Amino acid sequence: MSSEDAPSGEPAGSDERVFLIVVDDSEEWRAALRFACRRAQHTGGRVALMHVIEPADFQHWMAVEEVMRAEMREEAETRLHSVAEEVVELTGQMPILHIREGTTRDELLALINEEPSISILVLGAHPGAEGPGPLIQYLTTKGLGRLRIPITIVPGNLGAEAIDTLA
């Protein structure tokens, strides 16, 4: 399946630090968002948001599949624009928006390799005993050699005040 980007906002300058956040269905990405926004604010950087539309398993009727894809894309755009408003409130700057289709880890690695302006990946870790989450698990083991940028992992159970102090 091909992936498409839907960038929004102005492209980042070459010396501007860009903090990439993956907006997904977990709760912990919000801790990563706040941390990235505060770091961007303190360092003169910028935030980029990425949402990946996972492939649908419904392929019986092509017309129905196309309608479902269009609806998922519209939902992704609405969600990213809502999160972008939060970023603007925290940083005063519109984030860069990316919507991709495919598997999250593959599209994340592809985006990082395609966009030289992205300088740091910020992920929120699930605080439970079951582990930090599948994306962090993959990136810190098998996928580590495929990354060209550092990862900042923020515990998903940190509150706003703690994150602001750390950032």
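The values are calculated or read from the model by the stated rules, or taken from the named source; none is laboratory data. Because the structure is a prediction, the values reported are computed rather than measured. Ideal geometry is used to build each Cβ from the backbone, glycine not excepted, and the neighbour counts take in all protein chains shown.
Per-structure values
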| read-out | value |
| --- | --- |
| Residue match in the range 21-40 (condition: assigned to a helix (DSSP H, G or I), modelled with pLDDT of 95 or more and over 15 Å from the mean Cα position of the chain (by Cα)) | yes |
| Test set (1) farther than 19 Å from ARG46 by Cβ; (2) out of contact with any Gly (no Cβ under 9 Å at 6 or more places or on another chain); (3) surrounded by 15 or more Cβ atoms within 10 Å (Cβ to Cβ) - GLY145 fails condition number | (3) |
| Matching option when the condition is surrounded by 15 or more Cβ atoms within 10 Å (Cβ to Cβ), without any contact (Cβ under 8 Å) to a residue 40 or more places away in the chain and not polar (S, T, N, Q), among ILE96, ILE136, ILE118 | ILE136 |
| Test: residue in the range 92-108 that is farther than 26 Å from ILE149 by Cβ and among the small types (Gly, Ala, Ser) | no |
| Candidate set: the range 121-133, residues that are surrounded by fewer than 18 Cβ atoms within 10 Å (Cβ to Cβ) and without any contact (Cβ under 8 Å) to a residue 60 or more places away in the chain; chosen: the one nearest to GLY156 (Cα to Cα) | GLY128 |
| Output for the range 82-127, where each listed residue is within 16 Å of ALA32 (Cβ to Cβ) and over 12 Å from the mean Cα position of the chain (by Cα) | GLU86, VAL87, LEU90, THR91, SER119, ALA125, HIS126, PRO127 |
| Residue under evaluation PRO11, criteria (1) at pLDDT below 65; (2) in a helix (DSSP H, G or I), criterion not met | (2) |
